[in-house]
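The values are calculated or read from the model by the stated rules, or taken from the named source; none is laboratory data. Fair warning: this is a prediction, and the values are worked out from it, not measured in the lab. A quick note on method: Cβ atoms are made from the backbone with ideal geometry, for glycine too, and the neighbour counts reach across all protein chains shown. For the accessible areas, the whole protein counts, side chains as well, though only heavy atoms, and no ligand, DNA or RNA atoms are used. Shrake-Rupley method; radii C 1.70, N 1.55, O 1.52, S 1.80 Å.
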Amino acid sequence: MKNAMDRLFRTHEIRRSQECAPLWTLTTPDAGGMDRPETVVVPGVWESHPALRGYRGRGVYEQAVSCGGNVRFLLGGVSFAAKVYLDGELLCEHYGAYTAFEAIARDVAPGLHTLRVEADNRFGEHSALHMPNDYYAYGGIHRPVLVEELDSAYIASCLVTPVRTPEGWRADCRVSVRNLGDRQTEAAICVCVAGQRAEKTVLLPANGTAQAGLSCLCPDVRAWSPEEPALYTVCATLLIDGQPADDLIDRIGFRDVRTEGKRILLNGKALRLRGFNRHEEYGGFGLAVPLEAMMQDIQLMRDMGANCVRTCHYPNDPRFLDLCDELGMLVWEESHVRGFDEQRMRHPLFMPQLRRCTREMVEQHFNHPSVFIWASLNECADDTAFGAACYREIFSLLRGLDGSRPVTAALLERPGGQVYGDCDAVSVNLYPRWYHDIPVRQAVDRKLAEISAGGGGGKPVIVSEIGAGAIYGFHDPFGRDKWSEERQADILREQITEVLRHPDLCGILIWQFADVRVDESWAVHRPKTRNNKGVVDEYRRPKLAYAVVKELFETME
Ligand code: ADA
């Protein structure tokens, strides 16, 4: 085992937490799999292996781990359905590739044990969110796996809301502690934020969870902003019988976000969003983007003058969010769903699976100061009564989980939307000059009129997607045929110029940062089985549009 690398800083001083060693044995028992086990690297997706490029089935990962006592396995992301076993005994199941989950084994005899993780990327009725789509549903353990040895209780979460008061910033902490023991126990919770401390005694119910709210006034901290991304450490400690039993360390930033009229304000200052939609994918590594590549993506986006990234269409790796916190890159994060009509939204598992993904996203990524807005339900049926009710339910879930950030949804470019009035900021995906030939300004004004007529007038409006496709290396300087780099650059020039000069829009997110693999069922409209609207290709080689985006993002207000 090695030191945990699921975050980019140390998360425990007391809890024994380590990352599983990278080599696992992978067996692929279903049709199209390999006839014998192979050694693979975790985190990774099995599509990286030449024999498993298109494998859709189960992948059984095994590794011997040395542990004992109360053991918690924390799996950062398994795509997309998972079962976790220790020595053959099922510990837990989880659905959804993009959020972390835990598997707990109590009173494990100290020594070597077999950890087995079964990942499954087969589509079917059990899966309402993952389906053949305009991005690829990979298979495997694509984020780090931790092994933790716990005391009789542990800190499950510590969610911190920064609050601006007349006396300066205050950190409101909600700490959740889970008791693994059969007896009710008294414990003390202590939080330390930017050097300020607060403490509380709680009663932990037998085999249950207790919550405590603690606040620290932090008058001397600096605010977090894209220009000056000041970060502070928050450390929660659990004491049982006066002895340290567990801890949880995280990083926070002090800032507030709210909407006022047509603007989104961060620390009272209007945001002008210039950014990208980014799928979590890199060339041959699929969903398991190496840390260095995450960093390079942010550097490339910043090089083009971007200040914002949208994690389309699902929650991202917390290491990517750590980097955004660190570098002052604003993040729009959304729970996992893309482009469902009403029929799909009526799938009996749709709302339960979406609710769960949404809840996990907010609870796991609550403390990242870079996340300035929550979203969900990209391009679903916002034009029917049933669909609109789903939007409203998810918005109210988001607001209930976190009242400190605005909520939005990227809506389709079509009339009849019924939820403009329910969003804090209205977001629209527009493709003028690509899917249709209406001039950009006209398409934007038409949509703004619809938003106003549909109850969203006077709210901030974000162009959450806009873009055009180009195949890397295909040039047509004279004819400027579709799919040429020249045509994409032309279209992006008009799109960015018109959006950034429009007085009623507060920002633009280009679709998209990099080309991504799509499901084969999309290939007829997606040359090379890729969504080719990236400004860079899947290996981050810049297309001509790169220079256009850079020029406009750097020079236009
Ligand atoms: C949509 C969708 C994206 C992508 C894009 C496109 O708006 O949200 O996932 O499919 O269109 O390339 O057409």
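Tabulated values for the structure
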{"quantity": "Residue count, segment 4-52 (criterion: open to solvent by 70 Å² or more (accessible area, probe 1.4 Å) and over 30 Å from Val191 (Cβ atoms))", "calculated": "9"}
{"quantity": "Neighbours by Cβ (under 8 Å, 6+ apart or cross-chain): first from segment 413-437, of a type in the set (S, T, N, Q); second in a helix (DSSP H, G or I) and open to solvent by 50 Å² or more (accessible area, probe 1.4 Å)", "calculated": "Gln418/Ala385"}
{"quantity": "Given (1) among the aliphatic types (A, V, I, L, M); (2) more than 13 Å from the ligand (Cβ to nearest atom); (3) closer than 30 Å to Leu398 by Cβ, index of the condition Ala409 fails", "calculated": "(2)"}
{"quantity": "Meets criteria (assigned to a strand (DSSP E or B) and either open to solvent by less than 20 Å² (accessible area, probe 1.4 Å) or in the same structural domain as Arg319 (by TED's automatic domain parsing) (or both)) for Ala82", "calculated": "yes"}
{"quantity": "Unmet requirement for Thr311, which otherwise passes all of (1) within 16 Å of the ligand (Cβ to nearest atom); (2) touching a residue at least 60 places away in the same chain (Cβ under 8 Å)", "calculated": "(2)"}
{"quantity": "Residue count for segment 518-557, restricted to those that are within 20 Å of the chain's Cα centre (by Cα) and either away from the ligand (no atom under 13 Å from the Cβ) or of a type in the set (Val, Ile, Thr) (or both)", "calculated": "2"}
{"quantity": "Residue in segment 501-517 that is surrounded by 22 or more Cβ atoms within 10 Å (Cβ to Cβ), β-branched (Val, Ile, Thr), under 26 Å from the mean Cα position of the chain (by Cα) and assigned to a loop (DSSP other than H, G, I, E, B) present", "calculated": "no"}
{"quantity": "Scope segment 483-497; condition closer than 12 Å to Val440 by Cα and surrounded by 22 or more Cβ atoms within 10 Å (Cβ to Cβ); matching residues", "calculated": "Ile491, Leu492, Gln495, Ile496"}
{"quantity": "Search result, residues across segment 227-258 that are open to solvent by 50 Å² or more (accessible area, probe 1.4 Å) and not assigned by TED's automatic domain parsing to the domain that holds Val175", "calculated": "Arg258"}
{"quantity": "Qualifying residues in segment 319-353 (those that are within 16 Å of the ligand (Cβ to nearest atom) and without any contact (Cβ under 8 Å) to a residue 60 or more places away in the chain) - the one most open to solvent (accessible area, probe 1.4 Å)", "calculated": "Asp341"}
{"quantity": "Any hit, segment 377-392, residues being within 16 Å of the ligand (Cβ to nearest atom), in contact with a strand residue (DSSP E or B) (Cβ under 7 Å, 6 or more places away or on another chain) and under 20 Å from Arg272 (Cα atoms)", "calculated": "no"}
{"quantity": "Count of segment 520-557 residues which are of a type in the set (Gly, Ala, Ser) and either assigned to a strand (DSSP E or B) or within 17 Å of Arg302 (Cα to Cα) (or both)", "calculated": "3"}
{"quantity": "Flag if Arg487 is free of Cβ contacts under 8 Å to residues at least 24 places away in the same chain, in the same structural domain as Pro406 (by TED's automatic domain parsing), assigned to a helix (DSSP H, G or I) and more than 14 Å from the ligand (Cβ to nearest atom)", "calculated": "yes"}
{"quantity": "Cβ-Cβ under 6 Å pairs, at least 6 apart or on other chains, segment 395-407 side buried (at least 16 other Cβ atoms within 10 Å of the Cβ), far side assigned to a loop (DSSP other than H, G, I, E, B)", "calculated": "Pro406/Asp424; Pro406/Ala425; Val407/Asp424"}
